[in-house]
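Here the structure comes first, spelled out in structure tokens, and everything after it is commentary.
What follows draws every value from the coordinates through simple rules; no lab data is involved. Remember, it's a predicted structure, so these values are computed and weren't measured experimentally. Using ideal geometry, Cβ is built from the backbone for each residue, glycine included, and neighbour counts are taken over all protein chains shown.
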Amino acid sequence: MNGQYASLLVALPLISAFFVPLIKGLGGRAIKYYLTLITALQAGVAAWVFKTVYTTGKPIIVMAGGWRPPVGIDLYIGHFAALFVLIVALVSFFMAIFSFDSVSTEPTDKYAMLFLLLMLGATGMIATGDIFNLFVFMEITSITAYALTAYNKTGEAAEAAMKYIVLGGIGSSFFLIGIALIYGSTGTLNMAQLAQLAGSINPTVIKVGLSLLVFGLAVEAELFPLNAWAPDAYQAAPHPVTAMFSAFVVKAGLYALARLVYLFSHAAGWDFILKLLVIMATLTVFAAEFSALRQRDVKRMIAYSSISQVGLIALALSVGSQLGVQAGVFHMINHAVVKTLLFLTVGYVGVKVGGTGIENFSGLGRKMPLTAFALTVGALAAVGIPLFNIFWSKVWIIIASIEQGYAWEAGVVLAASVVEAVYYLRLIHTMWFGGWDGIRIRESLPLGTIALFLVLLILAIGVYPNPFWTLAKSAGTDIFNVSRYIANVPLMGVGP
Amino acid sequence: MTLVPEAYVVPLTLFSPLVFGVLAWLFDRDWIREILGVIGAAVPVTVLSLAYEKASSGTISYTIDTGVFKLHFVLNSLSWYFAFIGALVGIAMAFGLSSTSRRGYDWLFSLMSFTGVMGVFLARDFVSLFLFWELMTFGSFMMVLRRNRHESLKYFVLSVIGAYSMLLAIGMVYAKTGTLDYAMASQTLLLLTKMGGVSKAYVDTIFALFLLAFGVKAGVVPLHVWAPGAYGENDQSYTSFFSGVLSKAGVYGFIITLFVMPSLYGIYFAMGTFHGHLTGTYLIAWAGAVTVVVASFLAVLQEDIRKLLAYSSVGQVGYIILALGVFNGVAVGGAMFHVLSHAMFKGLFWLISAALILRTGKTRFEDFGGLAEKMPVTFAMALIAVLSLAGIPPMAGFASKWLIYEGAIQAHMPLVAGTIFLGSALAFAYVVRFLYAVWFGQRPSDLDDVREAPLPLLVGMTILAIPNIVFGIAPGLAVRLINRFFNTNITVNSYYSISTPTGTYNALSVTLVLIVGLAIAGLIYIYGANARKIKVTNTYQSGNPVTEEYNLVIRRNFYRPLAEALDFWLKYSWDRFYERLANLTEDFADWLREGFYNGNVQSYSWYLAIILLILAIWGVL
Amino acid sequence: MSVPHIGLYYFGALSLVLVGIYGVLVKKNLLKILISLSIVETGVNLLLISVGYITGRSAPILSEGIGPKQAVDPIPQALVLTAIVIGVATTAMALSVAITLYEKYGTLNIEEIRRLRG
């Protein structure tokens, strides 16, 4: 099959989103079935792309309109993108199923459209090979994310969306300024060509340009102190959307951040950017963990935990070594699995019990045993207990950062992790040993299956991390090894 | 050896408890669960006994390749020694659990920590060490969590701090050496230190982090605060393992840092000397000494059996740490011996406490009394445990303490030796109370229908009681074993007699003298003494008037004068210090949360502006 | 028609951005903040346009007498078109959120819209 079919990854959700109003006539449930179907199809395409990329070992370059880059805009589906596009599609699929139970606010057709566009935006951000295209996909992601945050139509939802819009708006404006500066001095927007030219750009321009790009993306990637919108948005958004935010929207931002930073690794002032990112990442972990400590709302608590894990990923990506990037990618995979599970189960409790306050989790072990079990596994994994998946990536991140001379940062991160252990422990204790009101709630079969699948995945990676570590290694190399990235893109007048 | 092929020895030892624990948890039915659990705990001890020949003369290696890391395990004489002690207490615990616990949950997590401990003892690289360390901690933590959230939290936080220090230290080792194998890492580190590739502060930090990690588990003061709660608020059968073996994992960690990694060993010399002692080890010796004194005093003052045993356990492990810090052959040999005897007598103690709680449901001294005739076998076991702990020949506890004492004297550490003495005296003070208040004297009327401990529990006790006597009468057995992996400078004259450069202990003759003496005393008592039988109700007032507010019977506030004398010191409590620290942390967390995420989007915009400003300043300059 | 020096455009664009940022940082009314955001976007768009500007050339519309040699760089103009569309979408989204906020909170003062915090 021709690799150009990979453009379906972007095309399919986009076209399907436009068909949603037609389906609307068939009723609200039909829309959700449609959503499930499309996400399943997308997962199929993504699986095919994944298989192709990993069996041939070559990235798929989709050239829009047949134009070779840098004239045409290209999609670069390398090892990282192939892997993450698959994760995006799978998580979306799960969350589409979860939407049956958890999203009842009308208009569900708008929800389905936004859902598909959010998936499209994240996929595009990961796959694109053009910096302005990246901006466009980022904006698609953000605007749908704003809308989905406000979707519940409560005051809190609107408030969270408002904060997100203001901060996201500032971030993207400066991102665009960064693009303008870089375009002004290089005359190209293609990422591969930018990487080639990175060393020869005027130092001042590249410093300002790169730092603005990083600034804009750091807002999306939830780095301290630019992440103040995140807990609110996570808390107020519908449960499936929160899971998507945590599982891949923020990952797309992180990926873009890492990709751009490493593309410009020959640029002047690069070390400073890395140092700044390391500091921001460390502070992200620290501040988020401490903010979660006394949290009474479990969803918000897990949101903070997610932010702290994101900080850990950012730390790994910005220590500036191949091992670090690989560990970061591994952590991205693990974090996507764990946080999907956590937000799924917490959201499900929110739907069934009527809220995500800690009091609703009391006695959950007997009220909803399966959900409580899955939540416990997720919590233990998040803490980083051995034989759960996050342990391995955490170990590698610590090792990578110490190797690069960031021993203090590693120490701070670990100290903050102690706090994480405490609040997850409280949750576990409340669930299993808290008072039970005697009600037993029937748990849904599909969601139970998804939760169990994720639990098994967590344990499988935890017990035998090798296959996933191999995946993470090649995906990480894809980000880190810029010269191979350049060589893979058939630039006009450069390539074959 | 032919019974169990060599390749299976390590995996069977490591994983059978965990596997059977999971099975017991799955088939959560009476009897099935218990039988599965006991089988799971019995496999390691059987396999290890069968592998003794091979392990003591050579090594058995085993490697698991996870792809990411290779996990490497070795059974040699050192790890066999520790693992066998662990397995022995483990099987006793399993018998105890059969009586005291009726829950699959308990079996799962207690056997999980069993596997963890075995892994820690057999590991030969840092990743396996850390993995199994965490498994062990996790299992024991879940046991506490079920019973008391506050105590489990304390235990958990300290354990996690320890675990992360270890992780950081491992990371630091790996970052410089690129290997995780003990021996390789150690050699490379040593080489790097010599060539200046690693700064002294770096190695010191590694060293300190390791000691912090292991110190938490061993319960070294001031990291001991978790121990009383975690040991006490637990299934007491499990505590026999928890206190008897898990604390030894901490000790084992000290041994790794001190002896298995010669590069860290090299640090001692780099750290210089203090009054003729190596500063590094001297510090450890004093950490142990402080632990002995503080914990023993606290043990004396407890009114609850479990608390008393817990503090006593902390104190006894302090002896081992102290002896390691004394750092000469005899003391280290004594430390190894004490590992054995402490595991045996403290395991026995906790099983006795399990039996008492199971049969009476009480834990405080004031509620006990006169149980010797109701539970005669348990009482006999208690007598053995008490004698061994108090260090009275011919029990194992005497031999080991004697060696440590000799070692400290030889190393010219009179003050440290003094703390050993003080600790022994205090130990005597608290076990006497245990002996008298529980077993003798007037029996409260509600204990009249107490029955003997159930059979499985008695079996467990017997398993632990026998070594106390055997190694007490034949200390040469143990020392011979220890001499295989340490050059202890202790000569084994025969099974019954051991000599250090300064003295000889012939257990057999001491025993014989003791028996003869007891026989004479018995004869005198039976035939000669002018004994008068009185009712147990008026035995213990010693003629003093009793008032309610100052009622110092042995069962209640017996050592209150001591507490009053120590009033000044008791005002300072590590426990309260940590509580205050925890509160401060929580307040800080709230302050950060409320201050930073204050809900006002304008403040959030300011954060963005500040970062922009930083970037702009940097970009222009 | 003589065109002032290109630096002037940059200056103007950056001033707009700064004015907008000032508004976001200081104004308490949500609508004013949103307007300030739009001003920032306008400034950015202007900057993009001026980046592609080449002195003395005309708009890149293929028509009589204007070939590739006579036109300014067309890419920034395409970019700006996209950016304007995105800006409109964001603003529309923001305004609809503002309506909801006013309904639920009865105010547009952002210091009072802070139920989600901590």
Quiz item: Given A:Val329, A:Val353, A:Ser291, which one lies farthest toward the positive end of the charge dipole of segment A:257-368, if we put +1 on the Cβ of every Lys and Arg and -1 on the Cβ of every Asp and Glu?
Solution: A:Val353
Quiz item: According to the square roots a ≥ b ≥ c of the eigenvalues of the Cα gyration tensor, what is the shape class of segment B:574-620, taking rounded for a/c under 1.5, prolate for a/b larger than b/c otherwise, and oblate for the remainder?
Solution: oblate
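Would you mind ranking B:His342, A:His239 so that the residue whose beta carbon has the fewest other beta carbons within 10 Å leads the list?
The fewest-first ordering by Cβ neighbours comes to A:His239, B:His342.
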Quiz item: Between rounded, prolate and oblate, where does segment A:357-462 land on the alpha carbon gyration tensor, with a ≥ b ≥ c its root eigenvalues, rounded for a/c under 1.5, else prolate if a/b exceeds b/c?
Solution: oblate
Quiz prompt | Peptide-level mean, for A:225-235, of C-beta atoms on other protein chains within 10 Å | solution = 5
Quiz item: Quick one: Cα centre-to-centre distance for segment B:452-483 and segment A:307-342, in angstrom?
Solution: 51 Å
Self-check item: Residue mean of other protein chain beta carbons inside 10 Å, C:35-43
Solution: 3
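Can you give me the span-like helices of chain A, meaning DSSP H runs with 24 Å or more of Cα extent along the axis and Kyte-Doolittle mean at or above -0.5?
A:28-56, A:79-102, A:108-127, A:131-149, A:155-186, A:203-220, A:270-293, A:298-318, A:322-353, A:407-433, A:445-463
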Quiz item: Against the longest principal axis of chain B, how steep is helix B:77-100, in degrees 0 to 90 to the nearest 10, with axes from Cα atoms?
Solution: 60 degrees
Self-check item: Spatial extent of the protein assembly as shown: Rg and Dmax, with the Cα atoms as the point set, Å
Solution: 34.8, 137
Practice problem: Would you kindly state the longest site-free stretch of chain B, with sites defined as GluC sites (Glu not before Pro) in a DSSP loop (not H, G, I, E, B) surrounded by at most 12 other Cβ atoms within 10 Å? | Solution: B:1-372
Practice problem: Pick out, from A:Phe98, A:Tyr111, A:Thr128, the residue whose Cα sits farthest towards the positive end of the charge dipole of segment A:67-139, with +1 on the Cβ of Lys and Arg and -1 on the Cβ of Asp and Glu. | Solution: A:Thr128
Quiz item: Ranked highest first by average number of other Cβ atoms within 10 Å, how do B:477-487, B:11-21 line up?
Solution: B:11-21, B:477-487
Quiz item: Once label points are set 7 Å from the Cα along Cα→Cβ at both B:Val432 and B:His412, what is their separation, rounded to one decimal in nm?
Solution: 3.6 nm
Quiz item: Suppose R0 equals 45 Å; then what is the FRET efficiency for B:Asp575 and B:Thr66 from their Cβ-Cβ distance, rounded to the nearest 0.05?
Solution: 0.65
Quiz item: Order of C:87-99, B:328-340, B:188-200 by packing, highest average Cβ count within 10 Å first?
Solution: B:328-340, C:87-99, B:188-200
Exercise. Could you work out how far apart the two model spin labels at B:Thr504 and B:Phe15 are, taking each label as a point 7 Å from the Cα in the direction of the beta carbon, and quote it in nm?
Key: 5.1 nm
Practice problem: Determine the calculated [θ] at 222 nm for chain A from helices alone, applying -39500 (n - 2.57) to every DSSP H run no shorter than 4 residues and normalising by the residue count; nearest 500 deg cm²/dmol. | Solution: -25500 deg cm²/dmol
Exercise. Name the residue farthest towards the positive end of the dipole of segment B:574-620 from the options B:Val601, B:Leu615, B:Ala589, assuming +1 on Cβ of Lys and Arg, -1 on Cβ of Asp and Glu, about the Cα centre.
Key: B:Leu615
Exercise. Enter the Cα centre distance for the pair segment A:221-248 and segment B:317-373, rounded to the nearest angstrom.
Key: 52 Å
Self-check item: segment A:73-138 - percent relative contact order, Cα under 8 Å, separation 6 or more
Solution: 55 percent
Exercise. Enter the angle in degrees (range 0 to 90, nearest 10) between the Cα long axis of helix B:200-218 and the first principal axis of the Cα atoms of chain B, meaning the one along which they spread out most.
Key: 40 degrees
Quiz item: What relative contact order, as a whole-number percentage, does segment A:269-487 give when Cα pairs under 8 Å and 6 or more residues apart are counted?
Solution: 29 percent
Self-check item: chain A: relative contact order in percent, alpha carbon pairs under 8 Å with at least 6 residues between
Solution: 15 percent
Quiz item: By per-residue mean of other Cβ atoms within 10 Å, what is the highest-first order of A:87-99, A:190-202?
Solution: A:87-99, A:190-202
Quiz item: Rounded to the nearest 500 deg cm²/dmol, what is the calculated helix-only ellipticity per residue at 222 nm for chain B, with -39500 (n - 2.57) per DSSP H run of length n ≥ 4?
Solution: -23500 deg cm²/dmol
Self-check item: Partner chain coverage, peptide A:142-150 - average Cβ within 10 angstrom
Solution: 3
Quiz item: Where nothing but the Cβ of Lys and Arg (+1) and of Asp and Glu (-1) is charged, how large is the charge dipole of segment A:226-337 around its Cα centre, in debye to the nearest 20?
Solution: 140 debye
Self-check item: Two-site FRET efficiency, A:Val412 against B:Asn530, from Cβ-Cβ distance with R₀ of 56 Å, rounded to 0.05
Solution: 0.15
Exercise. Could you please state, rounded to a whole Å, how far the C-alpha centre of segment B:378-437 is from the C-alpha centre of segment B:568-621?
Key: 49 Å
Practice problem: Please state the charge dipole magnitude for the protein assembly as shown, taken about the Cα centre, from unit charges on C-beta atoms (+1 on K and R, -1 on D and E), reported in debye and rounded to the nearest 20. | Solution: 800 debye
Quiz prompt | In nm, spacing of pseudo-spin labels at C:Glu111 and B:Leu613 (7 Å Cα→C-beta vector) | solution = 2.0 nm
Quiz item: Using Cα atoms only, what is the angle between the long axis of helix B:6-26 and the major principal axis of chain B, expressed in degrees (0 to 90) to the nearest 10?
Solution: 80 degrees
